[in-house]
1. What nm distance separates the two modelled labels at Arg15 and Asp41, each placed 7 Å from Cα along Cα→Cβ?
2. What residues qualify as long-range amide H neighbours of Leu2, i.e. H under 5 Å apart, gap of 5 or more or another chain, H built at 1.01 Å from N?
Amino acid sequence: MLPHSLCREHLDSGRLAPLHEPEAAPLNTLVLVRRPGAETDPGVVRARETHRRATRGR
């Protein structure tokens, strides 16, 4: 997870892709990013699901 301020350039260029974009962003926004094409990597999938569960309080 990275603050938007540190990865904005890479997100804008397409070198990084957000995994989740909530309807209402929290005050301290962090972004979990991955390289394009890495969505099937088991480690990336595991990290994404772990962070999703944590942010949903489960």
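Taken together, the values in this text are just the output of simple stated rules run on the coordinates, not laboratory data. On a predicted model such as this, the values are computed, not experimentally measured, just so you know. Note that we place each Cβ from the backbone using ideal geometry, even for glycine, and neighbour counts take in every protein chain shown.
1. 1.5
2. For Leu2, the qualifying residues are Val31, Leu32, Val33.
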